[in-house]
Amino acid sequence: MSEEIPGAEQPPPQDGPSGAVGPTGDAQAAFEACARLVLAGRYEEALTATEETAALLRGHTTGSRPANRAAAAALAYVLVLRCEALSKLGRWDECLHTAAEAVDLGRGQAVTAPFTAPLGATLLGLGTALWGLGRPQEALAVTRESVDLHRQLARADHAFRPQLANALSQLGVVLSRLGRHAEALDVTKESVTLYRRLVAADRAGHIHGLAQAVNNLARRQSVRNQHRRALRSIQEAVALYRGLAEANPAVHRRDLAMALGNAARMHNGRAESLAAVAEAVAILEELDRAEPGVHGGLFADSLSLHAAALADLGRFREAAEVTTRAVAMMREEAALNPVARRGDLGVALAFHARVRAEAGFDLAGGLAAATEAVALMRVLAAEIPALYASSLAEVVALESRLRAAVPRGDAP
């Protein structure tokens, strides 16, 4: 079974260009306050602020074709900020509703200044929401449209290059989840190239975007069997995120944990892999104590990866305890978002089964987990064969192995 855990990478944050402001000084200040809260990772506060700011801006608009186009553009950006906060909190249905409202607002305007840029941003927000809800084909269509709009903007004005780089990075994520790995690698390379140019001119303004893009590049290279390049890329991403986390731990420690999990997949040495993922789990333990439930998906992914690293070192009993916890956490995530988390739950169950098969204990429990994983993977392989067909074959083989090992009377 492939040990790459889907869902470890998140779509990059949406950035609006400077100058996307409301019609009054009060609206301008409110918009900037919302942006600061999102950038600081204070998502619950950001939801309150974006709700208040949206109400303020709606006061300057009328109907589906606002009289004040600047107010409409600013409202669209506020809704994108709200969508970003909702996505970080895993509130995907609300994120989808908010993003759809923002896109409808954009489509109601002629796609000319000042509305081309907010429409591109709102489409990216909609793509994020669709991605989070496990609707990758729809996410692909709107993300491509966003990339096309941002290309137009960047050709006309280089100030929009950061938005193009961001949109390309997100397109790479969606393409990868559809199993279109060669295309995903190409657009992610383009994103990294753009970010490197931006960082050369303004390191502080774009270093987080570069870290995200290089992290995603490592994932793309790993899938394409470019293992040495992937290891170099993820080492760079970890180093970038360490610097960011030291400067702003409240925002970037989660990002560092994500990158460390990817590093664990790509290290050649088993001890190095265990050290990387153990650090990731320690970070997430602390974050989960401070914000219970907010980091559940990444935490469960990291626990499964931790179990795999322990099993690779022959520490099966420890690994079994970890997979039990990982499956329980992923079930909670899947209960909240069953469509998007099917693959993640399937992978967690397969790790759970694999550890028991390798260790030769609790084989009945392992068989039950493998059987459940097969059922999930069959559905996914029918929907996206390029991504899940090989994983299904490996889980089926694991189930057969366990079924042969479990006494007939003990089989579930």
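Read-outs throughout are calculated quantities, based only on the coordinates presented, and are distinct from any laboratory measurement. Here the structure is a predicted model, which means the values were calculated and not measured. Every residue, glycine as well, gets a Cβ built from its backbone with ideal geometry; the counts of neighbours run over all protein chains shown.
Just to be sure I understand: with springs between alpha-carbon atoms less than 10 Å apart, which residue in 292, 385, 118 has the highest mean-square fluctuation in the Gaussian network model of the chain?
292
Measuring from the lowest to the highest alpha carbon on each principal axis, how far does the range 201-274 reach, largest first, in angstroms?
32, 26, 13
Which one of 223, 76, 391 is farthest out on the positive end of the charge dipole of the chain, using unit charges on Cβ (Lys, Arg +1; Asp, Glu -1) and the Cα centre as origin?
223
Running a GNM on the chain with Cα contacts under 10 Å, which residue among 139, 245, 263 ends up with the highest mean-square fluctuation?
Greatest mean-square fluctuation among the candidates belongs to 245.
Tell me which of 368, 290, 137 sits at the most positive position along the dipole axis of the chain, charges placed on C-beta atoms (Lys, Arg +1; Asp, Glu -1).
137
Nothing charged except the Cβ atoms of Lys and Arg (+1) and of Asp and Glu (-1): what's the magnitude of the dipole of the range 265-412 about its Cα centre? Round to the nearest 20 debye. Before the final figure, lay out the partial values.
Numbers: 15 positive and 20 negative charges, 112 e Å.
Computed charge dipole of the range 265-412: roughly 540 debye.
Averaging over all projection directions, find the projected area of the Cα convex hull of the range 235-346 and quote it in nm² with one decimal place. Could the numbers behind the result be given before it?
Details: hull surface 27.8 nm².
Mean shadow area of the hull around the Cα atoms is 6.9 nm².
From the backbone phi of the range 275-285, what are the Karplus-calculated ³J(HN,Hα) couplings (6.51 cos²θ - 1.76 cosθ + 1.60, θ = phi - 60°) in whole Hz, Gly and Pro given as x?
4, 5, 6, 5, 5, 4, 5, 4, 4, 5, 4
If you average the sequence gap of Cα pairs under 8 Å that are 6 or more apart and divide by the length of the chain, what percent do you get for the contact order?
Working: 660 pairs, mean separation 50.3, N = 412.
This gives 12 percent for the chain.
Do the sum for the chain: with -39,500 (n - 2.57) for every DSSP H run of n ≥ 4, divided by all residues, what is the mean residue ellipticity at 222 nm, to the nearest 500 deg cm²/dmol? Please list the in-between numbers first.
Details: 17 runs with 322 residues, N = 412.
Dividing the helical sum by the residues of the chain leaves -26500 deg cm²/dmol.
Charges on Cβ only, +1 for Lys and Arg, -1 for Asp and Glu, centred on the Cα centroid of the range 169-289; of 184, 256, 209, which one is farthest towards the dipole's positive end?
184
Just the Cα atoms of the range 111-248: what Rg and Dmax do they give in Å?
Looking at the range 111-248, its Cα Rg and Dmax stand at 14.9, 45 Å.
Do you know the relative contact order of the range 307-412, to the nearest whole percent, from alpha carbon pairs under 8 angstrom that are 6+ apart?
Working: 123 pairs, mean separation 24.7, N = 106.
Once normalised by length, the contact order is 23 percent.
Given Cα pairs under 8 Å that are at least 6 residues apart, what percent is the relative contact order of the range 309-355?
On the way: 29 pairs, mean separation 19.8, N = 47.
Here the relative contact order equals 42 percent.
How far is helix 249-266 tilted, in degrees, relative to the longest principal axis of the Cα atoms in the chain, given as a value from 0 to 90 rounded to the nearest 10?
Rounded to the nearest ten degrees, it is 40.
Note down the magnitude of the dipole of the chain about its Cα centre, charges +1 on Lys and Arg C-beta and -1 on Asp and Glu C-beta and zero elsewhere, to the nearest 20 debye.
Numbers: 44 positive and 46 negative charges, 211 e Å.
I would put it at about 1020 debye.
Which three extents, in angstrom, do the Cα atoms of the chain have along their principal axes, listed largest first?
That gives 74, 41, 39 Å along the principal axes, largest extent first.
Quick one: Karplus J couplings for the range 320-331, per residue in order, coefficients 6.51, -1.76, 1.60, θ = phi - 60°, nearest Hz, x for Gly and Pro?
Rounded to whole hertz, the list is 5, 5, 5, 5, 4, 5, 4, 5, 4, 5, 6, 4.
Using the alpha-carbon centroid of each, what span in Å lies between the range 333-412 and the range 258-310?
Measuring centre to centre over Cα atoms gives 21 Å.
Which ³J(HN,Hα) values, rounded to whole Hz and listed in residue order, are derived for the range 45-50 from phi using the Karplus coefficients 6.51, -1.76 and 1.60 in 6.51 cos²θ - 1.76 cosθ + 1.60 with θ = phi - 60°, glycine and proline given as x?
Result, rounded to whole Hz: 5, 4, 5, 5, 5, 5.
For the chain, set up a GNM with springs between Cα atoms under 10 Å and report which of 218, 129, 382 has the largest fluctuation.
Of 218, 129, 382, the Gaussian network model singles out 382 as fluctuating most.
Any chance you could give the angle, 0 to 90 degrees and rounded to 10, that helix 69-88 forms with the longest Cα principal axis of the chain?
20
Is the shape of the range 290-412 rounded, prolate or oblate, going by the alpha carbon gyration tensor and its root eigenvalues a ≥ b ≥ c, with a/c under 1.5 for rounded and a/b larger than b/c for prolate?
On the way: a/c = 1.78, a/b = 1.16, b/c = 1.53.
It is oblate, given that a/c is not under 1.5 and a/b is not larger than b/c.
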